[in-house]
Amino acid sequence: MVLTEPVMSIQIDVRSDEPTQPILNELTRRRAQFEHSDAHSSTEYRRISATLPLSETENLSKTVRTLTSGFGDISVQFSGYQHVPDHEELDSAEEDGQILIFFPRIFQLYSLVYSCC
């Protein structure tokens, strides 16, 4: 049995003159997997694209606004599912063909999909 968790695709736009390292550090702390970072040729903005577990998105918008002094823009949409790392599992129980797992970081119960073999 493999536990999976919902994953979100995020895009963060920041001004080209703003440092992106604080944002990259925050996303790394939240278990993000980076896709790319590029500058828009027609604008003054740089885009950071990554995937991030849903359980790690709490207060992300507020954090991005704080780190960019209100000039950052974030968009989030569902991307799919990924394997839950063993060190993130605290407690799990099977109920009606679903795995219920408790993520200690946000103290919220998520219903996760599992696949066998």
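Contour minus end-to-end for residue 39 and residue 77, with contour as 0.36 nm per residue of separation and end-to-end as the Cα-Cα distance?
So the chain would gain 11.6 nm between residue 39 and residue 77.
Which residues' amide hydrogens lie under 5 Å from the amide hydrogen of residue 7, considering only partners 5 or more residues apart or on another chain, with H built in the peptide plane?
Amide H to amide H, under 5 Å and 5 or more residues apart or across chains, residue 7 pairs with 54, 79, 80, 81, 82.
Tell me the net charge near residue 79. Cut-off is 15 Å between Cβ atoms, residue 79 excluded, with +1 for each Lys or Arg and -1 for each Asp or Glu.
Neighbour charge sum, excluding residue 79 itself: -1.
To the nearest Å, what is the center-to-center distance of region 1-18 and region 29-77, using C-alpha atoms only?
So the two Cα centres are separated by 7 Å.
Work out, step by step, the length gained on full extension between residue 25 and residue 9: first 0.36 nm times the residue separation, then minus their alpha carbon distance; give nm to one decimal.
This chain segment gains 4.0 nm when fully extended.
Would you mind calculating the gained length between residue 18 and residue 69 on full extension (0.36 nm times residue separation, minus the Cα-Cα distance), in nm to one decimal?
Result for the pair: 17.4 nm of gain on full extension.
Among residues other than residue 19 whose Cβ falls under 14 Å from its Cβ, what is the net charge (Lys/Arg +1, Asp/Glu -1)?
Taking every other residue near residue 19 into account, the sum is -1.
Values in this text are rule-based calculations from the coordinates and carry no lab data. Small disclaimer: the values here were computed from a predicted structure and weren't measured. When we count neighbours, we look across all protein chains shown, and the Cβ atoms used for this are built from the backbone with ideal geometry, even at glycine.
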